[in-house]
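Here the structure is laid out as structure tokens; the discussion comes afterwards.
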Amino acid sequence: MDTTKTPAPNASEADTTPADLEKAEIPQPAEAEAEADAELTDADLDDDTFAEGAAGDEQPSHVGAAASAIVAAGLSVVALSGSWVAGIVSERKSITGRLELTQAADANAQIAAQFIGPWHSTALVNGIFATLALIIAVFVLALPAFSTPERTLPAWVRSVSWAAIALGALGILLFVLMYFDLLLAIPKAAA
């Protein structure tokens, strides 16, 4: 019994020959990868070779730069809004000013002891926070300049760093205005 297929009267002979059918079968990419993986030997799976290949494919981690940018932004916000440390330093300055006053102190001396001293110490602490924020943010932005040329920071890390620089600069400006009494005039007692 003959089981070969006879071609249709209008079909070409190339469509029905077994050699042409074998040529038409093209291995799929997944099958080719499976065959290539099956051919790997123990020498190919050596730890050093595998580590070198994996290290070359990894993108550099920017965890330290990202954390530093967030810390800088947080410090700059604290410099603008005030901190617990600034409140404590201000209260301490107020108490020491009151203790140094005598009963015969005039009103201007009392104002200086109870208002100006704490005001300046609050400004100083906030200025320190703003300066730290500014230094850290500039360091984060300058970090890629000291590493490989193709290493760049993610856009969000750069954005947070620039925001920290802007807020830190504003904090330093407010420090100068507060510390040198340019923001508000010092209250004076009537003569």
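Looking across region 91-109, the residues that are open to solvent by less than 90 Å² (accessible area, probe 1.4 Å) and either in contact with a helix residue (DSSP H, G or I) (Cβ under 6 Å, 6 or more places away or on another chain) or in contact (Cβ under 8 Å) with a residue 60 or more places away in the chain (or both) come down to SER94, GLY97, LEU101, ASP106, ALA107, ASN108. Here PHE115 passes the criteria (1) open to solvent by 60 Å² or more (accessible area, probe 1.4 Å); (2) within 17 Å of LEU184 (Cβ to Cβ); (3) at pLDDT 95 or above except the one numbered (3). Candidates in region 140-161 are the residues that are surrounded by 15 or more Cβ atoms within 10 Å (Cβ to Cβ) and of a type outside the set (Ser, Thr, Tyr); of these, the one that is nearest to SER83 (Cα to Cα) is VAL160.
Would you confirm whether or not region 61-77 contains a residue that is modelled with pLDDT under 90 and either of a type in the set (Lys, Arg) or under 30 Å from SER159 (Cβ atoms) (or both)? Yes: region 61-77 contains one or more residues that are modelled with pLDDT under 90 and either of a type in the set (Lys, Arg) or under 30 Å from SER159 (Cβ atoms) (or both).
Has region 90-108 got at least one residue that is modelled with pLDDT of 90 or more and among the acidic types (Asp, Glu)? Taking every residue of region 90-108 in turn, at least one turns out to be modelled with pLDDT of 90 or more and among the acidic types (Asp, Glu). The set of residues from region 165-182 being open to solvent by 60 Å² or more (accessible area, probe 1.4 Å), touching a residue at least 24 places away in the same chain (Cβ under 8 Å) and not aliphatic (A, V, I, L, M) comprises just one member, TYR179.
The values are calculated or read from the model by the stated rules, or taken from the named source; none is laboratory data. Quick caveat: nothing in here was measured; it's all calculated off a predicted structure. In this analysis, Cβ positions are derived from the backbone assuming ideal geometry, glycine residues included, and neighbour counts consider all displayed protein chains. All accessible areas refer to the heavy atoms of the entire protein, side chains included, with ligands and DNA or RNA removed. Shrake-Rupley method; radii C 1.70, N 1.55, O 1.52, S 1.80 Å.
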